[in-house]
Amino acid sequence: MTPEAFYDVLLRRRDVRAEFTGEPIPENVLTRVLEAAHAAPSVGLSQPWDFVLVSDRDTRTAFREHVLAEREVFARSLSAERNETFGKIKIEGILESSLGIVVTYDPARGAPDVLGRHAIADAGLYSVCLAIQNLWLAATAEGLGVGWVSFYREEFLQELLDIPAGIRPVAWLCTGPVSGLHETPDLERFGWRNRRPLTAATHLERFGVPATVHNP
Ligand SMILES: Cc1cc2nc3c(=O)[nH]c(=O)nc-3n(C[C@H](O)[C@H](O)[C@H](O)COP(=O)(O)O)c2cc1C
């Protein structure tokens, strides 16, 4: 694979809400995408993730109702102006997508001697996020869309999916074929927030000291 092909996937990846077609994901494609997630680096090789595949309509409907209630909770915290902008933004495609993939984190896996986690407990969670990013990129390469939903209370999802105590749901990923991917993130398209330039995020030797970043 050329570097260009990799960067193309990286830059085409989008968070998808409204573009799911609902068509099924071929089984071999789903396996490849899950294998990609499962190939992620993890602290102490703990591989602390699991993937719960949710296609049942009743389960997805129950989750969506909860998400919409949490959307209201967030909306109530906003100023009138921000709320107006937020009102135009779709935040999930739970029913429109083909499959919900719930990614969980088990802090007990490999414990207590998780190599590399003794000082930073969050390193386990970082590992799960890397699996999610692998999944997201692989799905993009396969022509699928992914939409991360985090408008939920962990306890609700734990109960809904029989997730054992101590194991945390980290993401509900709406996944499936899409009609296309936008070039610009939805939050930018709808005027919620703009991306920062790389120069603003890059520091030289000390935090706060601007670094020059050359054009690629
Ligand atoms: C941890 C995390 C949680 C997110 N939760 C939601 C969510 O609940 N609903 C939503 O519409 N998008 C969610 N997103 C997607 C972001 O809004 C999106 O990644 C960001 O606006 C940049 O757009 P892009 O992914 O298309 O580049 C989440 C993304 C991350 C990384």
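The values are calculated or read from the model by the stated rules, or taken from the named source; none is laboratory data. It should be emphasised that the depicted structure is a prediction, and the values quoted were computed from it without experimental measurement. All Cβ positions, even for glycine, are placed from backbone atoms using ideal geometry, and neighbour counts span all protein chains on display. Please note that ligands, DNA and RNA were not included when accessible areas were found on the heavy atoms of the full protein model with its side chains. Shrake-Rupley method; radii C 1.70, N 1.55, O 1.52, S 1.80 Å.
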Subject >> Spin-label model distance (nm) - Ser77 vs Val9, 7 Å beyond Cα toward Cβ >> reply: 3.5 nm
Original post:
Given a 1.4 Å probe and the protein chains all in place, what does the accessible area of Asp106 round to, in Å² to the nearest 10?
Top reply: 30 Å²
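Could you work out how much longer the chain between Leu53 and Cys129 gets when fully extended? Use 0.36 nm per residue separation minus the Cα distance between them, nm to one decimal.
On the way: separation 76, 0.36 × 76 = 27.36 nm, distance 1.72 nm.
Net length gain for the segment: 25.6 nm.
Shape call for the chain from the C-alpha gyration tensor, a ≥ b ≥ c root eigenvalues: rounded (a/c under 1.5), prolate (a/b greater than b/c) or oblate?
On the way: a/c = 1.24, a/b = 1.04, b/c = 1.19.
It comes out rounded by the Cα gyration axes.
Where does each of Ile120, Ile167 land when they are ordered by accessible area, with a 1.4 Å probe and the largest first? Each step should come with its number before you reach the end.
Numbers: Ile120 85, Ile167 30 Å².
Largest accessible area first, the residues go Ile120, Ile167.
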Original post:
Among Arg153, Arg60, Arg76, whose mean-square fluctuation peaks in a Gaussian network model of the chain (Cα, cutoff 10 Å)?
Top reply: Arg76
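If each DSSP helix of 4+ residues adds -39,500 (n - 2.57) and the sum is divided by the residues in the chain, what number results at 222 nm, nearest 500 deg cm²/dmol?
Theoretical 222 nm ellipticity from helices: -11500 deg cm²/dmol.
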Original post:
Mind checking which helices in the chain clear 15 Å along their axis (Cα) and have mean Kyte-Doolittle hydropathy of -0.5 or more, DSSP H runs only?
Top reply: 27-38, 123-141
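Would you work out what percent of the accessible area of the range 162-216, with all protein chains in place, is carbon or sulfur (probe 1.4 Å)?
Working: 2150 of 3980 Å².
Here carbon and sulfur together make up 54 percent of the probe-accessible area.
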